[in-house]
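*Asks:* Here you go, one structure.
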Amino acid sequence: MSKQASKPAAKQGKSNTATKEVTLTPLIPEALSKKIFVGLAAALFLLMVSISHQYGISGDENFHRVYGHHIVDFYKTLGADNTAIREQGPDSLMMYYGGMFDGSAALISRAVPQVNEWHIRHAMNATYGWAAMVFAALVAVEIMGWQAGVLVLLLMVLSPRFFGESMNNPKDIPLAAGYMIAYYFIIRFLKELAKPSLKNALWLGAAIGLAMGIRIGGLLLIPYLMMFYVLAMVLQNGVGVFTNANNIKEKVWPSFKYVLLASVIGYFSSLIFWPYGLTNPLTGPITALGVAAKFPVQIRILFDGAQISSTEVPWYYEPKWLLISTPIVMLIGLLLSVLLPTAMKTERKTLYIGFLYFTLLFPVSYIIYKKSVLYDGMRHIYFVYPSLVILAGLAINYLLLRLEKTGKYVVLGLTLILMLLPARWMLANHPNQYVYFNEIAGGIKNAYKDFETDYYMNSVKQAADWLRTNENLKRTDGRITIIYTNAVGPCNFYFEPDSAYAAVGYVSYRNRTTVDADYLILYSRFVDRELLINSCYPPEQAVHTVYADGVPLCCVIKKDDKSDYLAVQALQKNDFETAVQLLEPYCTKYPKADAALVSLGLAYLQSARTDPSRIQKAINVLNASLTLNKDNAYAINILAAGYEMSGNVSQAQYLRSLIGQ
């Protein structure tokens, strides 16, 4: 394949003039490109594994960690411990996930207990991410040579979201790896269709099994293989190859038997680390596929400037995320790739380009058609993202092959300049690469008000590390230091070494004034959009904030002044005067403390019977709170009561209509 890239290719098509020849000459000799590729791949592996421990524990990871140990216990007890196949716990859907990653991670962590389990998991995650990148590049090598492979590998590395989640996303990144390995062997299989090898069929089956063994979505690889096998046979032999018994026997069966072999190996090997699938080998995968197609999760998300439910996302949810979080260089390359079917004259190469387009467009279209539950940006379609990158890389590489020397350097220069944009981001915002937004979105500085940033809690590790390093959690009076957070799962592990003198509890951002905390660690997800817009996050008592290009992701709050909490306690005891005395100076000191302003407004109203002037004070304070967060239904309801008490019934009715009362 690599030799073909440097050979002259005759330009097809009828013309009255002499047939013109197009010379496709690599900018870098193929032998050198191969050495560069191998060197880059090796260096990338060492880099990704060595830095993987610097990334935080993501929001879903502990579910997967626990599930992995249930899987090991299932096999260790020969099924007597059936926890892995029962719906239970905070994430009752884990049984429907293949256990290839989680089970093997748990097995390794038990084998080497002296190594931090999270470091093992993240190193494994990084290895899967690396494999996805390298095999995406190898797909490009199969189609257009080693120079194309080098380019695609660089583009995959410079995909900030994919790179960042390669460290701590145990579902979507390993699935993408399985898909890319399978794509590589599917294309190799199609290339040798006249005389397929058993070796490739076995590798293809193993790749399908790997993908299915991570998530049931890998099952799609079997119909992908079947579909493009049929297309390849028709292109090579004509439609008649499937309508004549002799043709089927002589031309179809010698290769189709390997398709069946790969499919059977893929299906049943996926069950090895999947107890639910193993105990339900025929019905289990189908049931899991149905659950995945309509995932029953309902959470509040920020998308396109509105806070909506994950069950009510618009049809363009994933296309929009692809548009705003894919680096510009890839989007330009994808636009150029529409020229590839014409440029790649041989029918086999056209088939490969069609395969890449299908694997990019079909899953996204199917998700739109099924109105699937979606959240967390584009992570649910990471398995299609490499197809986009491969198409972009092939298009840019074709220009590097097709153009004369000056044109080659112009294209190379422009490509490198555009690559610098995500490269700068990744270096400047390590280890939070995955909250990247491209220039179409205006970068994260513009996008954070309309789209979620750190939905996976990655930045919480940096906040916890800062707190453990810079604050003395071990008190001289022997009192336990209380840390409340809206990322309690990861924080339980971050502060595990301090458990003798520090305790971690959960609180939502909205309820942060209701707990007696010494410190709060609050990441920005689920913070009301208006508070973000009005710079109320991080709160004014924050002593440390984790930023990405100036946008706050997570903060540490030191509760030296607990007046807001003490006032809430007073309100609960109907001690309204104490609440007022606590909150008036507090709200003067912290004018953007939206929750405290609402509490003060409530305290004013509750004490207005003895001091009617406080009705207007309540109205003023509550209006001030609504300038910070106009969507706070609780504040609107109290304000409506204030207007009612003041005699302004029409304004009260109007306010209640805003919140559906």
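*Asks:* One residue is enough: does the stretch 218-230 have a residue meeting the conditions of a type in the set (G, A, S), buried (at least 24 other Cβ atoms within 10 Å of the Cβ), in a helix (DSSP H, G or I) and touching a Gly at 6+ places or on another chain (Cβ under 9 Å)?
*Replies:* yes
*Asks:* If you don't mind, another one. Going residue by residue through the stretch 593-604, is there one that turns out to be within 21 Å of K449 (Cβ to Cβ) and either over 36 Å from the mean Cα position of the chain (by Cα) or of a type in the set (D, E) (or both)?
*Replies:* Checked against the condition, which is being within 21 Å of K449 (Cβ to Cβ) and either over 36 Å from the mean Cα position of the chain (by Cα) or of a type in the set (D, E) (or both), the stretch 593-604 yields at least one hit.
*Asks:* So, P170, is that one touching an Asp or Glu at 6+ places or on another chain (Cβ under 9 Å) and either in contact (Cβ under 8 Å) with a residue 40 or more places away in the chain or among the aromatic types (F, W, Y) (or both) or not?
*Replies:* Values: touching an Asp or Glu at 6+ places or on another chain (Cβ under 9 Å): yes; either in contact (Cβ under 8 Å) with a residue 40 or more places away in the chain or among the aromatic types (F, W, Y) (or both): yes.
So P170 passes the test.
*Asks:* Name the pairs whose Cβ atoms lie under 7 Å apart, with the first residue in the stretch 149-167 and farther than 16 Å from L46 by Cα, the second part of a helix (DSSP H, G or I) and basic (K, R), and 6 or more positions between them or separate chains?
*Replies:* E165/R379
*Asks:* Mind listing whichever residues of the stretch 626-645 are of a type in the set (S, T, Y) and either surrounded by 16 or more Cβ atoms within 10 Å (Cβ to Cβ) or closer than 17 Å to A603 by Cβ (or both)? Walk me through how you get there before you give the answer.
*Replies:* Taking the stretch 626-645 as the starting set, the residues that turn out to be of a type in the set (S, T, Y) are 627, 634, 643.
Y634, Y643, listed by residue number.
*Asks:* Show me the helices (runs of 4 or more DSSP H) entirely contained within the stretch 542-634 in which 1 or more residues are in contact with a strand residue (DSSP E or B) (Cβ under 7 Å, 6 or more places away or on another chain) and either hydroxyl-bearing (S, T, Y) or within 30 Å of L427 (Cα to Cα) (or both).
*Replies:* none
*Asks:* The conditions are (1) surrounded by fewer than 19 Cβ atoms within 10 Å (Cβ to Cβ); (2) in contact with a helix residue (DSSP H, G or I) (Cβ under 9 Å, 6 or more places away or on another chain), and V38 fails exactly one of them. Which is it?
*Replies:* (2)
*Asks:* Next question. Of the numbered conditions (1) buried (at least 18 other Cβ atoms within 10 Å of the Cβ); (2) in a loop (DSSP other than H, G, I, E, B); (3) free of Cβ contacts under 8 Å to residues at least 40 places away in the same chain, A500 fails exactly one; give the number of that condition.
*Replies:* Of (1) buried (at least 18 other Cβ atoms within 10 Å of the Cβ); (2) in a loop (DSSP other than H, G, I, E, B); (3) free of Cβ contacts under 8 Å to residues at least 40 places away in the same chain, only one is false for A500: (1).
*Asks:* Looking at the stretch 383-397, is at least one residue surrounded by fewer than 19 Cβ atoms within 10 Å (Cβ to Cβ) and either in contact (Cβ under 8 Å) with a residue 60 or more places away in the chain or more than 22 Å from the chain's Cα centre (by Cα) (or both)?
*Replies:* No: zero hits.
*Asks:* Return the residue satisfying two criteria in turn: it lies in the stretch 465-487 and is under 20 Å from G59 (Cβ atoms) and assigned to a strand (DSSP E or B), and of such residues it is nearest to the chain's Cα centre (by Cα).
*Replies:* T485
*Asks:* Okay, moving on. Among the candidates A463, A441, single out the residue that is closer than 26 Å to L151 by Cβ, touching a residue at least 24 places away in the same chain (Cβ under 8 Å) and of a type in the set (G, A, S).
*Replies:* A441
*Asks:* May I ask you to list pairs of residues, at least six apart or on different chains, whose Cβ atoms are under 8 Å apart, with the first in the stretch 133-146 being assigned to a loop (DSSP other than H, G, I, E, B) and the second being among the hydroxyl-bearing types (S, T, Y) and at pLDDT below 95?
*Replies:* Pairs found: G145/S2; G145/S6.
*Asks:* Next question. Quick one: D561 ticks every box in (1) under 13 Å from T513 (Cβ atoms); (2) surrounded by 17 or more Cβ atoms within 10 Å (Cβ to Cβ); (3) of a type in the set (D, E, K, R) except a single one, so which number is it?
*Replies:* Single failed check for D561: (2).
*Asks:* Next up: For L271, are the conditions met, namely being within 18 Å of L175 (Cβ to Cβ) and surrounded by fewer than 19 Cβ atoms within 10 Å (Cβ to Cβ)?
*Replies:* It is false that L271 is within 18 Å of L175 (Cβ to Cβ) and surrounded by fewer than 19 Cβ atoms within 10 Å (Cβ to Cβ).
*Asks:* Here are the criteria: (1) crowded, with 16+ Cβ neighbours inside 10 Å; (2) under 19 Å from L531 (Cα atoms). Tell me which single one A579 does not satisfy.
*Replies:* (2)
*Asks:* For the stretch 325-383, give me the residue count where each residue is assigned to a loop (DSSP other than H, G, I, E, B) and of a type in the set (V, I, T).
*Replies:* Selection size over the stretch 325-383: 3.
The values are calculated or read from the model by the stated rules, or taken from the named source; none is laboratory data. Everything numeric in this text was worked out from a predicted model, so none of it was measured. We place every Cβ from the backbone using ideal geometry, glycine too, and count neighbours over all the protein chains shown.
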